[in-house]
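Nothing in this text is a laboratory measurement; each read-out follows from the coordinates by a stated rule. All values derive from a computational prediction rather than experimental measurement. With ideal geometry, Cβ positions are generated from the backbone for all residues, glycine too; neighbour counts draw on all protein chains shown.
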Amino acid sequence: MVTGALIPMPTDPGLTRLQQWLSPSYPIGAFAYSHGLETAIGTCAIISSDDLRMWLTDLLKNGAGYSDPILLVAAYRSENAEALQDIEQQARAFAPSKERLAETALQGAAFCQTTSAISDHDIPDLTYPVGLGYAARRHGLPLDLTVHMYLHSFVSNLVAAAQRLMRVGQVEGQRILTDLAPLIAQITQDALTSDLTDLSGSCFLADIATMQHETQYSRMFRS
Amino acid sequence: MCSIFCREQGIEETDITIRQDINTATSEAAQPRAIGAVRVVGRFKGGKSCLANLRQSGALKLLFPRRASGLEAVMINTAGGITGGDRFSISAEAVGNCHMTLTTQAAERVYRAQPGQTGGMDTRLRVGTGARLNWMPQETILYNHCSFQRHLTANLAKDATLLVVEPLVFGRIAMGEVLSDARFNDCIDIRRNGQRLYYDAVRLHGDITAKLSRPAVANGANAMANLIFTAPDAGRHLTFLRDALPDTGGVSLIGDDLLVLRLLAKDSFVLRKSLLPILDRLTDNGLPLCWRL
């Protein structure tokens, strides 16, 4: 049925805040991290855009795309400072390599500092998913949307990183992101019923790539 | 969260156990299960590492080969492998300046499990001030339809040294076995002074061979080793290990006292070939003799 009339919709301030936090312009330095893609592309483990799509699918199902939302959800639901610190300690201990620890710790610290500076909430320095989960809870933002947008920005950032490292056109990059949207939605739903006993990972070669990146001859990225 | 894996592998999420209606005590006890436990404490006395306490029961035994230095304990699973419902627990502690090494007599085989039953292995390690513990079992071989859960926790004093290496083989490769339906859960939790230092968990459920064929997972590798070395001077081994690793491995000094290494290989033979020089280095050429046989 087409009525032709525009229905006025109130803008959800929570949605705007999440969009701000998870946009590439939020100063957490996301552009500096390739999550091992620079090595995987450099060693020809990823050559085509199909390879890139497969690799990102693996990261979502078995890598940080699977484990970060579990940490985010746990931080969001933590009831006191002690519980939050336990989650933070586990997040750091779970980092598979030096650069992956830096990736989550430095982005997290920048996120927490910026978010503290522009709000009434004091957010301590935490790893990225833990800090985001905690900040979202303090701001009363919906958990499902926070996880969903976090995963989307994670993949979006890696597509952008790949576009600087290999031949993936602008449209092709967006096509990959579109193809992965249902998987992102699925993983978001699964994460909502998770707890820290589910924290695990099996992207062994992606983890190894971030280790090898430490000694890569020519590098643009910090991971 | 199992649901992701189940969906991915196309497995029905309903109960896979086929329960029979015969519910008598005799049918419950029909399958014998192996239960084994050891507890070993090593100390430093009279200028050498020696046994302070030993307790063993059931299907797990320890042998202590004579060695020039250090205390070496070889675990023997008298049940000859692990199947669903088996329970093994190991507790080892090194105090004083004791250097203790724990290994296995041979590769551990994890056999097909009865539906709904899981074999378990629980390992607890404690390493005191000035002590060193090497946890280095030989390969664990997962058979198709196995169901196995491992949990290793380690508590370290401030300057304690711990080496953990766990080689894993996915299926009997020589006979072309694929892990089309198996379950493997693994967790390693290491704390120093009560603070979490390292945490790793792996869950492989369903068609494990298909998952391992994925490019960012293992790209078809059938053998893997996870190695953690934590010591105040762990960093001095970094360059050696980097040079010793093939393209399918990586090593990282995550913290000043924490070195981690992950290695993939097409089979256990290739894995061992890469691993032996690394273990020689990290044990100061003190690799247990049974590793050489």
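Per-residue Karplus couplings for segment B:194-201, computed as 6.51 cos²θ - 1.76 cosθ + 1.60 with θ equal to phi - 60°, are listed in order as x, 8, 5, 9, 8, 9, 9, 9 Hz, Gly and Pro entered as x.
Can you give the charge dipole size of the protein assembly as shown about its Cα centre, rounded to the nearest 20 debye, using +1 on the beta carbon of Lys and Arg and -1 on the beta carbon of Asp and Glu? Could the numbers behind the result be given before it?
Numbers: 49 positive and 51 negative charges, 362 e Å.
So the dipole magnitude of the protein assembly as shown works out to roughly 1740 debye.
Put a plus charge on the Cβ of each Lys and Arg, a minus charge on the Cβ of each Asp and Glu, and nothing anywhere else: the dipole of segment B:180-232 about its Cα centre is then about 200 debye. Between B:31, B:105, B:117, the residue with the greatest mean-square fluctuation in the GNM of chain B (Cα pairs under 10 Å linked by springs) is B:31. With unit charges on the beta carbons (Lys and Arg positive, Asp and Glu negative) and the dipole taken about the Cα centre of chain A, which residue among A:104, A:65, A:54 sits farthest to the positive side? The Cα lying farthest towards the positive end belongs to A:54.
What share of the DSSP beta bridges in segment B:41-108 is antiparallel, in percent to the nearest 5? If I count the DSSP bridges inside segment B:41-108, around 55 percent turn out antiparallel. Farthest towards the positive end of the charge dipole of the protein assembly as shown, among the residues A:181, B:230, B:52, is the Cα of B:52, using unit charges on the Cβ of Lys, Arg, Asp and Glu. Backbone amide hydrogens, once placed in the peptide plane, bring residue A:33 within less than 5 Å of A:222, excluding anything fewer than 5 places away on its chain. Averaged over peptide B:189-202, the number of partner chain Cβ atoms lying within 10 Å of each residue's Cβ comes to 4. Taking chain A as a Gaussian network, Cα atoms linked when under 10 Å apart, which of A:35, A:139, A:148 shows the biggest mean-square fluctuation? Per the Cα network of chain A with a 10 Å cutoff, A:139 tops the list.
Mind running the shape call on chain A? Use the C-alpha gyration tensor, a ≥ b ≥ c as the square roots of the eigenvalues: rounded below 1.5 for a/c, prolate if a/b tops b/c, oblate otherwise.
On the way: a/c = 1.68, a/b = 1.16, b/c = 1.44.
Since a/c reaches 1.5 but b/c is at least a/b, the shape of chain A is classed as oblate.
Putting +1 on Lys and Arg Cβ atoms and -1 on Asp and Glu Cβ atoms, find which of B:176, A:203, B:78 reaches farthest to the positive end of the dipole of the protein assembly as shown. Checking the options against the dipole of the protein assembly as shown, the answer is B:78.
Pull up the DSSP beta bridges for segment B:38-291 and report the antiparallel fraction as a percent, rounded to 5. That works out to approximately 45 percent antiparallel. Binning the C-alpha pair distances of the protein assembly as shown at 10 Å intervals from 0 yields a P(r) profile of 4, 18, 27, 26, 16, 7, 2, 1, 0, 0 %, listed from the shortest bin outward. Candidate membrane-span-like segments in chain A, meaning DSSP H helices with Cα atoms spread over at least 24 Å of their own axis and a Kyte-Doolittle mean of 0.5 or above, are A:143-165, with no membrane implied. Among B:177, B:72, B:166, the largest mean-square fluctuation in a Gaussian network model of chain B, built with springs joining Cα atoms closer than 10 Å, belongs to B:177. For the residues of B:258-270, the average number of beta carbons from a partner chain within 10 Å of their own beta carbon is 2. Counted by Cβ distance under 13 Å from residue B:280, the other residues give a net charge of +3, where Lys and Arg count +1 and Asp and Glu count -1.
In terms of other Cβ atoms within 10 Å, B:254, B:35, A:123 run from fewest to most in the order B:35, A:123, B:254. Taking Cα centre as origin and charging only the Cβ of basic (Lys, Arg, +1) and acidic (Asp, Glu, -1) residues, the dipole magnitude of chain A rounds to 560 debye.
In a shell of Cβ-Cβ distance under 13 Å around residue A:161, excluding residue A:161 itself, what net charge do Lys and Arg (+1) and Asp and Glu (-1) give?
On the way: positive: A:164, A:219, A:222; negative: A:38, A:103.
Counting the neighbours of residue A:161, the net charge comes to +1.
For chain B, the longest principal axis of the C-alpha atoms and the axis of helix B:268-282 are separated by about 30°.
With the Cα gyration tensor of chain B giving a ≥ b ≥ c as the square roots of its eigenvalues, does the rule (a/c under 1.5 for rounded; else a/b larger than b/c for prolate; else oblate) give rounded, prolate or oblate? Please report the intermediate quantities before stating the final value.
Working: a/c = 1.90, a/b = 1.32, b/c = 1.43.
Taking the square roots of the gyration eigenvalues as a ≥ b ≥ c, chain B is oblate.
Annotation for segment A:136-175 versus segment B:68-84: alpha-carbon center distance of 48 Å.
Neighbouring Cβ atoms from other chains, within 10 Å of the Cβ of residues in A:51-59, number 2 on average. Cross-link pairs exceeding 31 Å between alpha carbons, from the set A:98/B:211; B:61/B:211; A:61/B:61; B:61/B:273; A:98/B:273; B:45/B:158: B:61/B:211; A:61/B:61. Prolate is the label for segment B:30-107, because a/c, from the alpha-carbon gyration tensor with a ≥ b ≥ c as root eigenvalues, is 1.5 or above and a/b exceeds b/c.
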